[in-house]
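Down below is the structure, laid out as structure tokens.
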Amino acid sequence: MELHTLTIDQARQHLADKKISSVELTQAFLDRIFAHDERIGAFITVDADLAISQAKAADARISAGRQATFTGIPVALKDLLCTKGVKTTCASKILDNFVPQYDATVVEKLKSEDAVLIGKTNLDEFAMGSSTENSSIKLTRNPWNTDHVPGGSSGGSAAAVAAGFCSGALGTDTGGSIRQPASHCGVVGLKPTYGRVSRYGLVSYGSSLDQIGPITRDVTDAAMMMNLICGNDPKDSTSARNEVPDFSAGLDLFRKEGLKGMVAGIPKEFSNVEGIDPEVAAMFDSAKNILTDLGVEIREVSLPHTEYVVAAYYIIAPCEASANLARFDGVRFGFRDHSADDLIDMYKRTKSTGFGLEVQRRIIIGTYALSAGYYDAYYGRASQVRALIMQDFDKAFDTCDIILSPVAPTPAFRIGENTEDPLTMYLTDIFTLSANMAGVPGISVPAALSGKGLPIGIQMMAKRFDELSLIRAGFGFEQSVGAATGFKAAFPEL
Ligand code: GLN
């Protein structure tokens, strides 16, 4: 049995049947990491001893007949999630030796089931980016073609799942950072509704936009991970009190009823987006056909403020980032520049050396846009646009259950291709940003391979708190895409 190819659901079953142990499973992933991660660069930290000791504890728990869903399952965590006693760098020099005193709520939940935390994955510094090239620690390469980026900012998590380095992973999504790297690496990524998952212990980037979510091999695993991580948390005042359904019910719904009666909206404004790769357009057409064959009614909808999404997001996110990152001042956390003569000079030197260029750019944009006299013109205005974007979604969802779009305009680009021009990089987020602006959930499901062998995903979005529809439709799509197009979400050759 090739242990690294098992999904979470399969591994859980094999553990229950005592066909494998968690130590064997964990060791298989560690062997693969040691053999291949030097080239892929998915991980910032791997503590093999810790992982094996957690696997042993899981095996003991299974022997005692107390297996929970994630008991013994090796999971990777984006290195923006606080892990007690394990370095959490945010891929930044300013935190390169920061060891948190506590676990993020999602990490606590994984630990409560005795999951194995196999390692911390690479990201764009503080999650600012779309390619993982903004990491101050290392480069991550796309396992499907190592000349290409894995996407970002959760590029390490997506690459780790795609390469078979872990059973599943957690990422975070402020403007697409779960869905886009999942799409580029041929895996499933789900951004939950804002507030669905506690942000406690997630190092904040844009607090009103950030969400933690699963990156997994398939939709079944995404549902299982959602069952674990969702729910109200008194430690996060923005965490929602809505009831948490059994997300696996979405799978059963498809098995029982297919997708009959579902309506998928396609925003007409998305056809005006420039620079869509022909292979992405072709994928989108065949995806529509697959869904139609499954009984979905396709309808045109309108999101009239689409053209302002990128501009408004790239004001709101940097504004919130500038406030959130003020705490990294050389006094309270991590790195301090000791060459300064006085306090102000120490702040300046610490931040100039500790933060990478993209982070500095965002802090400066955010601070400027929030400063007296400019607040109304920028942050205030962008927030008004955001309210309109939310209304657009509310209206669109009056006439459809899910909204379909590509995840990104192109398959994964080449390393270095977009680094010279931040604006070009920002524009590649056009399809993913609006879900964060509106707070709605979105899923990315593998849909095709490009002629060059790079994965292309499709995005589905739903009403706030209706992840069930995404799981149902995503699962249906996943079941049918292979038969319809010959596409198979496989493992890349490493
Ligand atoms: N690419 C977007 C940005 O740079 C989104 C990143 C994210 O979702 N964390 O802000």
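Are any of the residues in the range 465-486 closer than 30 Å to residue 307 by Cα, within 16 Å of the ligand (Cβ to nearest atom), of a type outside the set (A, V, I, L, M) and buried (at least 21 other Cβ atoms within 10 Å of the Cβ)? Among the residues of the range 465-486, not one is closer than 30 Å to residue 307 by Cα, within 16 Å of the ligand (Cβ to nearest atom), of a type outside the set (A, V, I, L, M) and buried (at least 21 other Cβ atoms within 10 Å of the Cβ), which makes the answer no.
Give the range 132-161 a look and list any residue that's away from the ligand (no atom under 13 Å from the Cβ), open to solvent by less than 10 Å² (accessible area, probe 1.4 Å) and either in contact with a strand residue (DSSP E or B) (Cβ under 9 Å, 6 or more places away or on another chain) or without any contact (Cβ under 8 Å) to a residue 24 or more places away in the chain (or both), or say none. Before you say what the answer is, go through the steps one by one.
Kept after step one, since they are away from the ligand (no atom under 13 Å from the Cβ), are these residues of the range 132-161: 136-148, 150, 159-161.
If we keep only those that are open to solvent by less than 10 Å² (accessible area, probe 1.4 Å) too, we end up with 140, 142-143, 148, 150, 159-161.
If the condition is that a residue be away from the ligand (no atom under 13 Å from the Cβ), open to solvent by less than 10 Å² (accessible area, probe 1.4 Å) and either in contact with a strand residue (DSSP E or B) (Cβ under 9 Å, 6 or more places away or on another chain) or without any contact (Cβ under 8 Å) to a residue 24 or more places away in the chain (or both), then 140, 142, 148, 150, 159, 160, 161 are the ones that fit.
Residue 198 fails exactly one of the following numbered conditions: (1) open to solvent by less than 10 Å² (accessible area, probe 1.4 Å); (2) within 16 Å of the ligand (Cβ to nearest atom). What is the number of that condition? Going through the list (1) open to solvent by less than 10 Å² (accessible area, probe 1.4 Å); (2) within 16 Å of the ligand (Cβ to nearest atom), residue 198 breaks only (2).
Might you check whether a residue that is part of a helix (DSSP H, G or I), open to solvent by less than 10 Å² (accessible area, probe 1.4 Å), touching a residue at least 12 places away in the same chain (Cβ under 8 Å) and of a type in the set (Phe, Trp, Tyr) occurs anywhere in the range 121-131? Break it down into steps so the answer makes sense when it comes.
In the first step, residues of the range 121-131 are kept if they are part of a helix (DSSP H, G or I); the result is 125-127.
Checking which are open to solvent by less than 10 Å² (accessible area, probe 1.4 Å) leaves us with 125-127.
Right, trim to touching a residue at least 12 places away in the same chain (Cβ under 8 Å) and you get 125-127.
With of a type in the set (Phe, Trp, Tyr) added as a condition, the list becomes 126.
Yes, the range 121-131 has at least one match.
If the condition is being under 19 Å from residue 217 (Cα atoms), surrounded by fewer than 21 Cβ atoms within 10 Å (Cβ to Cβ) and among the β-branched types (Val, Ile, Thr), then the range 1-31 contributes 5, 7.
Checking each residue of the range 299-316 against the condition of being aliphatic (A, V, I, L, M), surrounded by fewer than 16 Cβ atoms within 10 Å (Cβ to Cβ), within 23 Å of the chain's Cα centre (by Cα) and farther than 30 Å from residue 256 by Cα gives at least one match. When restricted to residues that are surrounded by fewer than 18 Cβ atoms within 10 Å (Cβ to Cβ) and either within 16 Å of the ligand (Cβ to nearest atom) or not β-branched (Val, Ile, Thr) (or both), the range 348-369 contains 8. Please verify whether residue 410 is buried (at least 17 other Cβ atoms within 10 Å of the Cβ), within 16 Å of the ligand (Cβ to nearest atom) and over 20 Å from residue 193 (Cα atoms), treating the condition exactly as stated. Answer is yes for this residue.
The values are calculated or read from the model by the stated rules, or taken from the named source; none is laboratory data. No experiment lies behind these values; they were computed from the predicted model shown. Glycine also receives a Cβ, built like all others from the backbone with ideal geometry; neighbour counts cover every protein chain displayed. Ligands, DNA and RNA are excluded from the accessible area calculation, which covers all protein heavy atoms including side chains. Shrake-Rupley method; radii C 1.70, N 1.55, O 1.52, S 1.80 Å.
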